[in-house]
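Take a look at the structure below.
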2 protein chains.
Amino acid sequence: MTDLRHKIMAVVENDLEEIEQALLENLKPQLELVSDVARHILFSGGKRLRPLLMVLSAKICGYTGDYDKTFSTAFEYLHTATLLHDDLVDGATLRRGKAVAHSKWGNSITVLVGDFLLARALSIAAGTGSVQVIKILSELTENMSQGEVHQLMRRGDIGLSESEYLEVITRKTAVLFQAACRVSAILASAPAEKEIALSDFGYNLGIAFQMADDLFDYTLDTDSFGKEVGADLREGKLTLPVIYALQQAESQDREQMIRIIKNKDFSLQEFEQLIELLKKYGGLAYTEAKAGGFINRAKEALSIFKRSQTKETLQNIADYVLVRRI
Amino acid sequence: MTDLRHKIMAVVENDLEEIEQALLENLKPQLELVSDVARHILFSGGKRLRPLLMVLSAKICGYTGDYDKTFSTAFEYLHTATLLHDDLVDGATLRRGKAVAHSKWGNSITVLVGDFLLARALSIAAGTGSVQVIKILSELTENMSQGEVHQLMRRGDIGLSESEYLEVITRKTAVLFQAACRVSAILASAPAEKEIALSDFGYNLGIAFQMADDLFDYTLDTDSFGKEVGADLREGKLTLPVIYALQQAESQDREQMIRIIKNKDFSLQEFEQLIELLKKYGGLAYTEAKAGGFINRAKEALSIFKRSQTKETLQNIADYVLVRRI
């Protein structure tokens, strides 16, 4: 597990440093406060997974320009914008182990700085000079906000099906991974089959990433997770571990689960009880297996690329998504 | 006054109908709720001033394509997105005489639907196929969010200067008017001098529009204004009528004004007292005169265009901005 992380880091260290530098340089708002709020969340230990995927995807397509690092920040800014707004929507208190922005600066500033980052991302996308790329990013943003609305609408609804869950996580998470990988191929003027392959890679990776995240909400402690464990449930978000277990549970256990889910002030004891039921009815194992399936599909999508260090790293990242902490 | 409105309407009636149609057609979110919230604010009697300016600016540049009406919706969606977020930021209760979206659907949905409209606007901009146009719109969005943050930072600060006020209204209002007029020239492949002229027209018109709006907050009653009169003051927004009067007032009157401004629960009587002081020290007259100056500059900017019905209508709209109700 740690080996995998070391292997990836050894290869991408320079890229990550350049991404970090670009994230700082491209954040040139005129107001200090905007910068402060944006930095609070931007430079608090994010993995830079989305920009890194974009940079590696460009590399595997033989991109030789110098806009990849700059452009990659668009995906981190967009991601950060949605974090700012989502934490607000969710009423979250912790993000990456730190107080969320809205508890520090208030809701208003948080909304507006999110808007700023969203617009900044699209300005940077415009810097590619490709209308197609810009269109993908703006449509992606539409999709993400709709995914969040969808999730919000179904809050606390125990009737949420696995397919609807999949639809929500596609929009709120997978489309961003997909776009980050796909647009690199466009940027590198790669042939259509490479664009499709990277698009598939990103989509499947994104789904697996979100499933893993939803799993960690039940399997990690708050310190290793950087968010409050059990937060999904407290926010009324039904995710795959619960959806599957509810489906499988015998009526008495099912009722007990629903009682805990419906009670937003569930105790630690009740939460542990729920986890036992998730285990009993295979909710955790099922989610892990499903996520594993998407990881495999992601790796298979790369089969059209010939063997290279970059390809191996993308595959390692895919594997890492399931075993990462945070 | 009513004559002016009739004159304008007689010319733009068809354009407005087509804009209205495009606003409906381009609002194609997948989720009904997103559509409901967006429609609540979009179809509640907005003047469509921004899209109309865009369409007329394209016309005066001899634009012959068929993307103008579609594209014009980007400016209304962008405007609407900022209204949704700003009403939330300001804690407003009424907009165009209707309950604001966040009091009906809650803050979360309002934030997300605002994000959706913002992204939709940029997708529509991408439909022009012009990277320059898209860049103008995304940079504009950055600017607007920063203008709002700036205003928020200076809430209740009686030291706000006229030049800082001008900076705030440039960003929060004028840049959108400016962009709506300017990009039409780009869309129509007009020569640079026309692009500059329309940019100047839009900028000056936007400043005058906001000054008039800030004036109406002290001169109109709630029914004609569609918003709560005195709302600016209640939200701690110091606008030109107050800034100027504070500057001119003798110390006792100045202290009285500050007392009222600092008291967010001022009574109607106190509000009327403040208005008297604004009149006494010329705050209202000064603002009206300033706005009039910007209107004149807007109209002068059109001097490079030869006489036409479109030019006359743009000039009439400029005059109308100061006398409009709502």
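A few comments on the model shown:
- Per the listing A:Thr141, A:Thr170, the residue uniquely within 19 Å of the chain's Cα centre (by Cα), outside any loop (DSSP other than H, G, I, E, B) and within 21 Å of A:Ala38 (Cα to Cα) is A:Thr141.
- Test: residue in region A:21-41 that is modelled with pLDDT of 90 or more and within 22 Å of A:Val100 (Cβ to Cβ): yes
- Residue-level analysis places B:Asp66 outside the set of residues that are of a type in the set (Asp, Glu) and in a helix (DSSP H, G or I).
- Boolean, B:Thr239 is surrounded by 16 or more Cβ atoms within 10 Å (Cβ to Cβ) and over 16 Å from the mean Cα position of the chain (by Cα): no
- Qualifying residue in region B:146-166 (condition: surrounded by 22 or more Cβ atoms within 10 Å (Cβ to Cβ), away from chain A (no Cβ under 11 Å), in a helix (DSSP H, G or I) and within 16 Å of the chain's Cα centre (by Cα)): yes
- Count of residues meeting criterion [in a helix (DSSP H, G or I) and within 14 Å of chain B (Cβ to nearest Cβ)] in region A:74-103: 17
- Conditions (1) buried (at least 24 other Cβ atoms within 10 Å of the Cβ); (2) in contact (Cβ under 8 Å) with a residue 40 or more places away in the chain; (3) within 8 Å of another protein chain (Cβ to nearest Cβ); number of the one not met by A:Asp115: (2)
- Residue match in region B:118-135 (condition: of a type in the set (S, T, N, Q) and part of a helix (DSSP H, G or I)): yes
- Within region A:13-26, one or more residues are within 14 Å of chain B (Cβ to nearest Cβ) and in a loop (DSSP other than H, G, I, E, B).
- The listed residue being in contact (Cβ under 8 Å) with a residue 60 or more places away in the chain and of a type in the set (A, V, I, L, M), out of A:Ala212, A:Ala245, A:Ala174, A:Ala192: A:Ala212
- Taken together, the residues in region A:199-219 that are surrounded by 23 or more Cβ atoms within 10 Å (Cβ to Cβ) and more than 17 Å from the chain's Cα centre (by Cα) amount to 0.
- Output for region B:249-270, where each listed residue is assigned to a helix (DSSP H, G or I), buried (at least 16 other Cβ atoms within 10 Å of the Cβ) and touching a Gly at 6+ places or on another chain (Cβ under 9 Å): B:Ile261
- Filtered by the rule that a residue be at the interface with chain A (Cβ under 7 Å from one of its Cβ atoms) and surrounded by 24 or more Cβ atoms within 10 Å (Cβ to Cβ), region B:119-141 gives B:Ala119, B:Arg120, B:Leu122, B:Ala126, B:Ile134, B:Ser138, B:Thr141.
The values are calculated or read from the model by the stated rules, or taken from the named source; none is laboratory data. Owing to the predicted nature of the structure, the values given are computational and were not obtained by experimental measurement. Using ideal geometry, Cβ is built from the backbone for each residue, glycine included, and neighbour counts are taken over all protein chains shown.
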